[in-house]
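This report refers to the structure that appears directly beneath it.
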Amino acid sequence: MIDRAFFDRPVLEVAPEVLGGVLTRRQPGVEPVSIRITEVEAYDGRIDPASHAYRGRTRRNATMFGPPGHLYCYFIYGMHHSLNMVCEAAGAPTGLLLRAGEVTAGHELVRARRSVRRRTPLRDRDLARGPGCVAQAFGAGPETDGADLFGGEWTFATPPAPVEHVTGPRVGVSGDGADPAVFPWRFRIPGDPTVSAFVPGRRKARR
DNA sequence: CAGTAGATCGCCT
DNA sequence: GGCGATCTACTGC
């Protein structure tokens, strides 16, 4: 069992230890959902131009400035939510974006949630492949922002033994924060089929 | 498999 | 007013 101190450490130190861990959401009257995390990205608002917190505290990013062990959940691209685990002490705005994982409990519910307004069949490994997919699998929405990982509804368990991992460039990030030489802050379990497609700087090059 | 367009809206400049 | 820590479907090879 971990406690809040687990998250009260440098985000780059926490990142590899989250891999292989299982995040679970238990809501009254709802089938529990568990996802084994296979890919995360670190963000540090103090030094990282790609972080939502880089330009200071706003209403949206306030959770990242709060105490560790909470979920920072935000709305993006007009249709998706993304989940972060807040790390380090209050005032140090850091977070781990949950990019992908393997559903280990609640398959039926997740499949139903992920199949809404979808025309093509969904493979098992795609149930929580991608940040927006992870949030949707958990049924996370605006009300999830600020949720306490030690409040009962959400729980996180680290793997029995440390898991092998590799690092690389972040995905979907542009500008100064995209440089993999400076911010190789994407952590993933090598070879895991649920890790999202590696397409750094996906946005079309300008011409 | 690679490349791309469209959807859709809150946030911040 | 522009763009974003994205996803899906579709095209062409």
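The values are calculated or read from the model by the stated rules, or taken from the named source; none is laboratory data. Everything numeric here is computed off the predicted structure, so don't read it as measured data. Backbone-built Cβ (ideal geometry, glycine too); neighbour counts: all protein chains shown. Keep in mind that these areas ignore ligands, DNA and RNA; they rest on the heavy atoms of the full protein, side chains included. Shrake-Rupley method; radii C 1.70, N 1.55, O 1.52, S 1.80 Å.
Of everything in the stretch A:154-207 that is among the polar types (S, T, N, Q) and either touching a strand residue (DSSP E or B) at 6+ places or on another chain (Cβ under 7 Å) or open to solvent by 70 Å² or more (accessible area, probe 1.4 Å) (or both), the residue that is modelled with the highest pLDDT is A:THR155. Looking across the stretch A:27-39, the residues that are under 18 Å from the mean Cα position of the chain (by Cα) and charged (D, E, K, R) come down to A:ARG36, A:GLU39.
Considering the conditions (1) more than 23 Å from A:VAL11 (Cα to Cα); (2) open to solvent by 30 Å² or more (accessible area, probe 1.4 Å), A:GLY106 is excluded by exactly one of them, (2). Select from the stretch A:62-101 the residues that are surrounded by fewer than 21 Cβ atoms within 10 Å (Cβ to Cβ), in a loop (DSSP other than H, G, I, E, B) and more than 7 Å from DNA strand C (Cβ to nearest atom) and list them in ascending order. Passing the criteria: A:GLY66, A:PRO67, A:ALA89, A:ALA90, A:GLY91, A:ALA92.
Inspection of the stretch A:126-148 finds a residue satisfying the criterion of being open to solvent by 50 Å² or more (accessible area, probe 1.4 Å), within 16 Å of A:GLU41 (Cα to Cα), in a strand (DSSP E or B) and basic (Lys, Arg). Looking only at the stretch A:1-54, count every residue that is assigned to a strand (DSSP E or B) and of a type in the set (S, T, N, Q) and tell me the total. Summing the residues that are assigned to a strand (DSSP E or B) and of a type in the set (S, T, N, Q) in the stretch A:1-54 gives 3.
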